[in-house]
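Below is one structure, written out as structure tokens, with a few remarks after it.
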Amino acid sequence: MIRTMCFKERRYIEELRILTRATALDCIIDERFDRIVYLIKEGDMGLAIGRKGSNIRKMQRVLGKRVEMVEYSPEIETFTKNVFKPASVVGVEEEDNGRLSVYVRKGDLGIAIGRGGCTIEKARLLLSRYFNTDLGEVQEEEESHA
């Protein structure tokens with residue numbers, strides 16, 4: 001999928017590369033939640049975060065906004081799990097209408113939703129942009145899959 005980036009997005013991606021030496025595939029400037037969401041190349045997540053989150057803190061200081069990072073994966077299930085981290089996703093199911101249902105571990109529903117729905121909104125943006133699918137319901141798992 002071809003997508004054009006504005007100057008601001010390219011500048012933020014270059015800033016990440018300079019400060020962390022990690023490769024960002026995309027950058028979303030989310031004005032609603034005053035944050036920048038980076039899509040990090042598969043395998044570069046540790047480099048992007050830094051020891052104990054030092055690179056994220058450095059990026060937040062430089063950019064003056066909250067910074068969130070998601071590791072890319074070409075498989076929709078792994079990608080969805082990465083988007084909802086640190087919540088534990090136990091299942092991803094595609095419905096007949098093309099929407100995606102996500103099941104999280106009991107007690108992780110609040111984390112999966114995020115403050116004001118910010119994590120759900122991030123998932124909607126990324127899933128529609130990279131997999132051309134809509135996010136359906138996010139629910140707690142019904143029974144324990146031990």
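The values are calculated or read from the model by the stated rules, or taken from the named source; none is laboratory data. None of the values given here were measured: they were computed from a predicted structure. Positions of Cβ are backbone-derived with ideal geometry, glycine not excepted, and every protein chain shown enters the neighbour counts.
Key figures for this structure:
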quantity: Search result, residues across the stretch 114-132 that are buried (at least 17 other Cβ atoms within 10 Å of the Cβ), without any contact (Cβ under 8 Å) to a residue 60 or more places away in the chain and over 15 Å from residue 68 (Cα atoms); calculated: 127
quantity: For residue 106: the one exception among (1) assigned to a loop (DSSP other than H, G, I, E, B); (2) in contact (Cβ under 8 Å) with a residue 40 or more places away in the chain; calculated: (2)
quantity: One residue from 79, 33, 84 being within 16 Å of the chain's Cα centre (by Cα) and within 15 Å of residue 129 (Cα to Cα); calculated: 79
quantity: Residue within the stretch 114-132 that is assigned to a strand (DSSP E or B) and in contact with an Asp or Glu (Cβ under 7 Å, 6 or more places away or on another chain) present; calculated: no
quantity: Residue that is nearest to residue 30 (Cα to Cα) [pool: residues in the stretch 49-67 that are under 16 Å from the mean Cα position of the chain (by Cα) and crowded, with 17+ Cβ neighbours inside 10 Å]; calculated: 67
quantity: One residue from 105, 124, 129, 32 being at pLDDT below 90 and farther than 16 Å from residue 13 by Cα; calculated: 129
quantity: Some residue of the stretch 28-36 being out of contact with any Lys or Arg (no Cβ under 6 Å at 6 or more places or on another chain), closer than 30 Å to residue 95 by Cβ, among the acidic types (Asp, Glu) and outside the structural domain of residue 127 (by TED's automatic domain parsing); calculated: yes
quantity: Residue count for the stretch 41-66, restricted to those that are within 22 Å of residue 126 (Cα to Cα) and either among the hydroxyl-bearing types (Ser, Thr, Tyr) or at pLDDT 95 or above (or both); calculated: 0
quantity: Identity of the residue in the stretch 1-28, surrounded by 14 or more Cβ atoms within 10 Å (Cβ to Cβ) and among the hydrophobic types (A, V, I, L, M, F, W, C), that ends up farthest from the chain's Cα centre (by Cα); calculated: 19
quantity: Residue 38, sole failed condition from (1) buried (at least 17 other Cβ atoms within 10 Å of the Cβ); (2) touching a Phe, Trp or Tyr at 6+ places or on another chain (Cβ under 7 Å); (3) closer than 19 Å to residue 7 by Cα; calculated: (2)
quantity: Any hit, the stretch 88-99, residues being at pLDDT 90 or above and of a type in the set (Lys, Arg); calculated: no
quantity: Lone unmet requirement of (1) over 21 Å from residue 68 (Cβ atoms); (2) at pLDDT 90 or above for residue 146; calculated: (2)
